[in-house]
Amino acid sequence: MENVKDLAKTETLKDTVKAFYTDCLTVNSHTDVPAVMGKLLADDFQSISAKEIKVKAVFIGQIQFFWKLIPDLKWVPQEILQDGNKIIVRSLFSGSPKGEFMGMTLDGSKSFSSMSIDIHTVENGQIKTVYHIEDWPTAIAQLKG
């Protein structure tokens with residue numbers, strides 16, 4: 001019986017993280033970004049990269065900005081692995097920026113497709129931390145090329 005409980009918990013943790021990609025990172029018509037991310041992310045959430053740590057409010061603002069700048073942004077998980085309450089996701093992300101983006105002025109006619117790897121820690125049904133790395137140099141090369 002414990003195996004069934006463990007399996008259910010695994011799927012719940014993965015579903016929480018999947019919602020982050022489908023309802024928050026990928027532009028769609030059904031999401032109120034601040035409301036959905038407000039529930040999905042823990043109050044003490046941190047987005048951690050090699051460069052900086054962003055708290056929940058700053059991260060939500062960044063995602064809202066990306067939705068405006070890249071109106072066709074897609075973030076599609078390709079592989080989801082789990083180790084306890086840590087969910088590791090390898091994704092492909094793509095879009096066609098319109099406006100000032102990474103030192104370029106773009107009109108939406110050029111697109112990029114690149115990869116990211118994230119490690120999410122889920123506690124009490126919410127994402128508490130995400131360590132992430134995105135391959136932005138590949139995206140920039142595609143947009144310049």
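The values are calculated or read from the model by the stated rules, or taken from the named source; none is laboratory data. Everything numeric here is computed off the predicted structure, so don't read it as measured data. Note that each Cβ is placed from the backbone with ideal geometry, even for glycine, and that neighbours are counted across all protein chains shown.
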Next item on the list: Return only the number of the condition from (1) within 27 Å of Val55 (Cβ to Cβ); (2) in a strand (DSSP E or B) that Ile140 does not satisfy.
Entry: (2)
Next item on the list: Give region 98-118 a look and list any residue that's crowded, with 17+ Cβ neighbours inside 10 Å, within 23 Å of Glu52 (Cα to Cα) and in contact with a strand residue (DSSP E or B) (Cβ under 8 Å, 6 or more places away or on another chain), or say none.
Entry: Ser114, Ser116, Asp118
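Looking at this structure, is Lys110 closer than 19 Å to Ile133 by Cβ and free of Cβ contacts under 8 Å to residues at least 60 places away in the same chain? It would help to see each step written out before you state the result.
Numbers: closer than 19 Å to Ile133 by Cβ: no; free of Cβ contacts under 8 Å to residues at least 60 places away in the same chain: yes.
When the stated conditions are applied, Lys110 does not pass them.
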Notebook entry, point to check: Does any residue in region 69-84 that is under 12 Å from Ser116 (Cβ atoms) come within less than 7 Å, Cβ to Cβ, of a residue that is of a type in the set (D, E, K, R) six or more places away or on a different chain, and which pairs are these?
Noted result: Pro77/Lys18; Gln78/Arg90; Glu79/Arg90
Next item on the list: Determine which member of the set Ile87, Ile60, Ile140 is more than 16 Å from Ser47 (Cα to Cα) and of a type in the set (Val, Ile, Thr).
Entry: Ile140
Notebook entry, point to check: So Thr12 fits all but one of (1) modelled with pLDDT of 95 or more; (2) closer than 14 Å to Gly125 by Cβ; (3) of a type in the set (Val, Ile, Thr); (4) over 12 Å from the mean Cα position of the chain (by Cα); what number is the exception?
Noted result: (1)
Margin query: For region 16-32, give me each residue that is of a type outside the set (Ser, Thr, Tyr) and over 12 Å from the mean Cα position of the chain (by Cα).
Written below: Asn28, His30, Asp32
Check: If you scan region 53-78, which residues turn out to be over 20 Å from Gln126 (Cβ atoms) and in contact with a helix residue (DSSP H, G or I) (Cβ under 9 Å, 6 or more places away or on another chain)?
Finding: Phe66, Trp67, Leu73, Lys74, Val76
Notebook entry, point to check: When both residues are 6+ apart or on different chains and their Cβ atoms are under 7 Å apart, which pairs have a first residue that lies in region 41-68 and is over 19 Å from Lys18 (Cβ atoms), and a second that is in a strand (DSSP E or B) and acidic (Asp, Glu)?
Noted result: Lys56/Asp43
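Identify, from the list Phe93, Phe101, the residue that is of a type in the set (Phe, Trp, Tyr), over 11 Å from the mean Cα position of the chain (by Cα) and under 19 Å from Ile133 (Cα atoms).
Values: Phe93 fails: over 11 Å from the mean Cα position of the chain (by Cα).
Checking each option against the conditions leaves just Phe101.
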Note to self: Just to check your reading of the model, which residue among Asp118, Asp135 is under 20 Å from the mean Cα position of the chain (by Cα) and free of Cβ contacts under 8 Å to residues at least 24 places away in the same chain?
What the structure shows: Asp135
